[in-house]
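Colleague: Quick one: the structure is below, questions incoming.
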Amino acid sequence: MKAECLRLLVTLQLNPAKARLISKFVDTYLRLDSREERAFQAEIDKLGVTQKEKIMENLTSWEQRGMEKGMEQGREQERQSIALNMLRKNLPLDMIAEVTGLNIDRLQQLRSSLTAE
C-alpha cells in the first residue's frame, strides 16, 4: 500500500515541497514493521529506475536511514534465528559463524540463552 501511494505520488508530478509533505504524511500513517518494510523495499525494487529515483527523492534522509536501520535489524534477527536453529541441532560454532556471519562470542551467548529456556 505504501509503495503504491508513493508510486502514485510520483506520477502527480507535484513540486518537491508538496511531494515531500505528502510523502511524510504517508510515512506517518503507514508505519511498517520489519516484515512489511522488507515487502515495501521489494516493491520499490521492482519499479523502473526513474520511478525508484523519484520516490527516493521524496523520502528524507532520516526516513532513508530509519528504513535502512529497520532492514538491518530484520536481517540481524533472521541471522540469530537461523543460528538458534543450528545451535539446537548441535552444529559446530565455526560452521554456524560462517553461515550466519555472527561471531563466536555472540553464538556462545545464544547457546547460553538456549540452556536457560
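The values are calculated or read from the model by the stated rules, or taken from the named source; none is laboratory data. Bear in mind the structure is a predicted one, so any value in this text is a computation, not a measurement. Note that we place each Cβ from the backbone using ideal geometry, even for glycine, and neighbour counts take in every protein chain shown.
Colleague: Cβ contacts < 7 Å: first residue in the same structural domain as ARG20 (by TED's automatic domain parsing), restricted to segment 38-55; second residue surrounded by 11 or more Cβ atoms within 10 Å (Cβ to Cβ) and at pLDDT 80 or above, any location; separation 6+ or different chain. Result?
Modeller: ARG38/MET71; ARG38/GLY74; GLN41/MET71
Colleague: Right, here's the next one. Quick one: LYS18 ticks every box in (1) in contact with a helix residue (DSSP H, G or I) (Cβ under 7 Å, 6 or more places away or on another chain); (2) over 30 Å from LEU107 (Cα atoms); (3) at pLDDT 80 or above bar one, so which box is it?
Modeller: Of (1) in contact with a helix residue (DSSP H, G or I) (Cβ under 7 Å, 6 or more places away or on another chain); (2) over 30 Å from LEU107 (Cα atoms); (3) at pLDDT 80 or above, only one is false for LYS18: (1).
Colleague: Any residue that is in a loop (DSSP other than H, G, I, E, B) and within 18 Å of ARG75 (Cβ to Cβ) - is there at least one of those in segment 17-36?
Modeller: Yes, the conditions are met somewhere in segment 17-36.
Colleague: It is to be established whether one or more residues within segment 57-75 are among the aromatic types (Phe, Trp, Tyr), assigned to a helix (DSSP H, G or I) and modelled with pLDDT under 75.
Modeller: Within segment 57-75 (the criterion being among the aromatic types (Phe, Trp, Tyr), assigned to a helix (DSSP H, G or I) and modelled with pLDDT under 75), the answer is yes, since at least one residue qualifies.
Colleague: Do we have any residue at all in segment 84-100 that's under 20 Å from the mean Cα position of the chain (by Cα) and not β-branched (Val, Ile, Thr)?
Modeller: No.
Colleague: Additional query: Name the one entry in MET71, MET95 that is over 20 Å from LEU8 (Cα atoms) and either of a type in the set (Lys, Arg) or exposed (fewer than 12 other Cβ atoms within 10 Å of the Cβ) (or both).
Modeller: Among MET71, MET95, only MET95 is over 20 Å from LEU8 (Cα atoms) and either of a type in the set (Lys, Arg) or exposed (fewer than 12 other Cβ atoms within 10 Å of the Cβ) (or both).
Colleague: Which of the residues belonging to segment 81-99 are farther than 22 Å from ALA42 by Cβ, assigned to a helix (DSSP H, G or I) and among the polar types (S, T, N, Q)?
Modeller: Hit for segment 81-99 is ASN85, nothing else.
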